[in-house]
Amino acid sequence: MNPSFAQAAPQPMHAGEPGYDIVLEAAIAPLREALDDARVELDVERMDRIGNWVFLLGNMRAPGGGRPDFSGTRFADASEQGAMSDLYVTLLRREPDAASTGSDASEAPAEAAAQDQAGLQPGEAAPATDDAGFPAGGTWVVLDHAIGPGDVAWLAWPQEHAAPRALFGF
């Protein structure tokens, strides 16, 4: 069952803005795990946030440009057969510190709607923010990712992870 979210507009995140580097580091960790840092760079096409949710879509590039070299990796065969795209996508969610979660499940409808608008789960308190409005504290956790998908791998992510559909642009 897909929870109903108020369709807040995703807020684009740009290099140099508060929180960008923190989220980007967490987002590319699976890519770095799968491939050597020296082998691939990520050209971020879009990184959008709704509350505690972030969706990143980028293009993998070899250092200096061009397609990455996947030889010697688990992606080598697929790459040689042309079955890999240059895309890298990931879905992250900010897991709040234990002190910032609420436990009152009997919220008023207006409060529940405000939580949906902020991309929060029921009972979760709104995160403290820094001066620029970026959520402070907590940990950004990768919920799902796809390296070189041949299709729209993130199509089911709103349903699978109870994420706001608007974050993905559909």
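Below, the figures for the structure above:
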quantity: Residue within the range 27-47 that is modelled with pLDDT of 90 or more, assigned to a loop (DSSP other than H, G, I, E, B), closer than 24 Å to Gly169 by Cβ and touching a Lys or Arg at 6+ places or on another chain (Cβ under 6 Å) present; calculated: no
quantity: Subset of the range 50-65 that is of a type in the set (Gly, Ala, Ser) and surrounded by fewer than 23 Cβ atoms within 10 Å (Cβ to Cβ) - its residue that is nearest to the chain's Cα centre (by Cα); calculated: Gly58
quantity: Condition check for Pro68: in a helix (DSSP H, G or I) and surrounded by 16 or more Cβ atoms within 10 Å (Cβ to Cβ); calculated: no
quantity: Tabulated pairs, the range 53-73, first under 30 Å from Ala136 (Cβ atoms), second β-branched (Val, Ile, Thr), C-beta under 6 angstrom, 6+ apart or interchain; calculated: Val54/Val23; Leu56/Thr90; Leu57/Val89; Gly58/Val44
quantity: Which listed residue, of Val54, Val40, is farther than 28 Å from Ala166 by Cβ and of a type in the set (Val, Ile, Thr); calculated: Val40
quantity: Test result for Thr73, polar (S, T, N, Q), surrounded by 15 or more Cβ atoms within 10 Å (Cβ to Cβ), farther than 19 Å from Gln11 by Cβ and modelled with pLDDT under 95; calculated: yes
quantity: Residues of the range 5-26 that turn out to be touching a Pro at 6+ places or on another chain (Cβ under 9 Å) and either surrounded by 14 or more Cβ atoms within 10 Å (Cβ to Cβ) or not in a loop (DSSP other than H, G, I, E, B) (or both), as a count; calculated: 5
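The values are calculated or read from the model by the stated rules, or taken from the named source; none is laboratory data. The structure displayed is predicted, hence computed values, not measured ones. Please note: Cβ atoms are built from the backbone with ideal geometry, for glycine as well, and neighbour counts cover all protein chains shown.
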